[in-house]
1. Once you've got the GNM for chain B with C-alpha springs shorter than 10 Å, pick whichever of B:79, B:196, B:208 has the biggest mean-square fluctuation.
2. Only loop residues by DSSP count here, and only those with at most 14 other Cβ atoms within 10 Å; note down the chymotrypsin sites (Phe, Trp or Tyr not before Pro) in segment B:55-121 that meet that.
3. Taking neighbour Cβ counts within 10 Å as the exposure measure, how do B:3, B:314, B:91 sort from fewest upward?
4. Considering only the other residues whose Cβ falls under 12 Å of the Cβ of residue B:21, what net charge follows from Lys and Arg at +1 and Asp and Glu at -1?
5. By count of other Cβ within 10 Å, fewest leading, how are B:283, B:216, B:68 ordered?
6. Filter chain B for me: DSSP H helices, axial length by Cα at least 20 angstrom, mean Kyte-Doolittle hydropathy not below 0.5. List them by residue number.
7. For segment A:145-297, give the magnitude of the charge dipole about the Cα centre (Cβ charges: +1 Lys/Arg, -1 Asp/Glu; no others), in debye to the nearest 20.
8. Enumerate the calculated ³J(HN,Hα) couplings along segment A:146-155 in order (Karplus 6.51 cos²θ - 1.76 cosθ + 1.60, θ = phi - 60°), each rounded to whole Hz, writing x wherever the residue is Gly or Pro.
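Rule-based calculations on the coordinates, nothing more; no lab input. The shown structure was predicted, so the numbers you read here are calculated from the model rather than taken from an experiment. Ideal geometry is used to build each Cβ from the backbone, glycine not excepted, and the neighbour counts take in all protein chains shown.
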Amino acid sequence: MTETLAMTEPTTAATAATAAPVAPRPASRMTASALPAPVQGDPAAPGRIALTVEKLSFFYGKSQALFGVSLAVPERSVTALIGPSGCGKSTLLRTFNRMNDLIDGARVEGVVTLDGEDLYRPGVDVVDLRRRVGMVFQRANPFPKSIYENVAFGPRMLGMKSGGEMDDLVERTLRQAALWDEVRERLKDSALRLSGGQQQRLCIARSLAVDPEVLLMDEPASALDPTSTAKIEELVLDLKARYTIVVVTHNMQQAARISDQTAFLMQGKLVEVDATSRIFTQPRERLTEDYITGRFG
Amino acid sequence: MAIRQAALDVLARPAPGPSPREFATPRRRAAQAGWNVLWTGVTGLATLWIVLIVVVILGTVVLGGWRTVTPTFLFKNPEQGMTAGGIFPAIFGTCALVFLMIIAVLPVGVLAAVYLHEYARASSPLTKLVRFAVNNLAGVPSIVFGLFGLGFFVQFLGRGMDRAMGLDVVFGQPAILWAALTLALLNLPVVIVATEEALRAVPRTAREGALALGATRWQMVRHVVLPQALPGVLTGAILSVSRGAGEVAPILFTGAAYYLPYLPTSPTDQFMELGYHVYVLATQSPDVERTLPLLYGTVLVLLGLTFALNFTAIFLRAKIRRGMGLGDTA
């Protein structure tokens, strides 16, 4: 079930993109808007650029999922990727930690950089990249181990041994993920006994435990109830003080609440990217306006 | 909006023909009900037939054998040309054989499955070829394995080792070692298929979770995938054990002995085995009347051993799953 879920989105993205060319808008407008858009006038995102994407195209075998996408993600801010199902936002997110490498027949054209380094250059250490770029998935996926062991997993893979230092790290990370008070008495319990929202915060803690620079979140709250969703959103706002966050979401209110910059994708193309406040009040593109006002998608 | 309006328009129109429900006349409905009852009966009878067969087999064996299975029977050697005494050497031989086989087959089978499922690209011609070979290996009749074992292990490998070490005849003869290796070969597909099945059942999200934390592929396999697949791997192991315990053909030429007054103490010894002993008692006895109870008893012990192994597997699997907090259904 979960396995197919993870697979279907990119595939539909690809088929939708190839099967149905964008009818209502002239093509010239689409390509014109696909240039890197400068982010201006947003006080929340003044920082250095952490991630860049230049003319990125992505293929699943013969079908294309992304078409010349260009984007810049500022450091220590939240960038939201929005768009209808199958628009390629998850595919784009997964190019930042090369999670797409796992798919047979996946191919990338264009450049993706982290701190100026090309991530798809031959010889890049993908394992190290994934330590620098953490990821939280749509469905909470804690390992069937104890709460403690889930958080300790990443550090252990790096070679850290059990002991006081590990205990401190686990506590600090769980505190960062606003989960410590709920689980401090039962660190040895199975993580699978936690509620869905707690499991998702545990997964966030697990990612933070390897001290990443970037945190990717793929619809982190879409399977959660409103209370748990609120907690995750609050957490994202706290975490951006220290991490660069890219979040894929279906929920436009959520994008408006938590992000500094929003990128709108449709059928594998980047339609518009701008400061969130501007996208949601005065978008430059008709398509964006139609989407955020709920006229389609 | 337009789509919704079109749907409303169609709904508002009167239906053009008769309602499909009018096809179900009372007569037809009665006939359908009749067929329904009939097929419930037929499928039920087929099931009952299977249950009956199992009951008859078990009943015959238990009724014929329970009197024979005494401590003496279990712990003594055959006596008087196998018309009296016990079957201890056969029980011991079977256990030793199966133990050696598991040691040989589990590491190779599990590692091969890990390679096929976790490392090899599913679309590569090599993977396809290996899968094809595994599937075909599973379809080879066991007597062919027996002959292969004799030719390859005993005559080629064993004699070769003897020559290389300048020995007389130590390895170049039927032995429990060669029988166990032949059985292992026979069971390799069982272990590979069961392990692959178990690996496939580990959700993609678990793998991605591990990789996203910067685990290497091996770390992911070792710390996330294999622990979750362990119950399935164990099932495969036990399946191969219960199959191995009952197979006679592969060991016929490679190490099983008609009668041995001693137990195998070295890998190059021959051994007695329960399945082969059943065959011997049934066909080679000088006195059928006196052998019959022993035959029943031996079959009962063989079945008991197999069932005990299966129950151990189920118990172990449930225990491991509970330990992971997955519950019995996961």
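1. B:208
2. Details: sites: B:66, B:73, B:75, B:92, B:99, B:115, B:119; in loops: B:66.
Those satisfying the criteria are B:66.
3. Ordered by Cβ neighbours within 10 Å, fewest first: B:3, B:314, B:91.
4. +1
5. Lowest to highest Cβ neighbour count: B:283, B:216, B:68.
6. Numbers: long enough: B:26-65 (58 Å, 1.18); B:88-114 (38 Å, 2.47); B:125-139 (21 Å, 0.54); B:176-201 (36 Å, 1.54); B:226-246 (30 Å, 0.88); B:288-323 (52 Å, 0.94).
What comes out of the filter, once short or polar helices are dropped, is B:26-65, B:88-114, B:125-139, B:176-201, B:226-246, B:288-323.
7. Values: 20 positive and 23 negative charges, 39 e Å.
Dipole size: approximately 180 debye.
8. 6, 4, 4, 5, 4, 5, 6, 4, x, x
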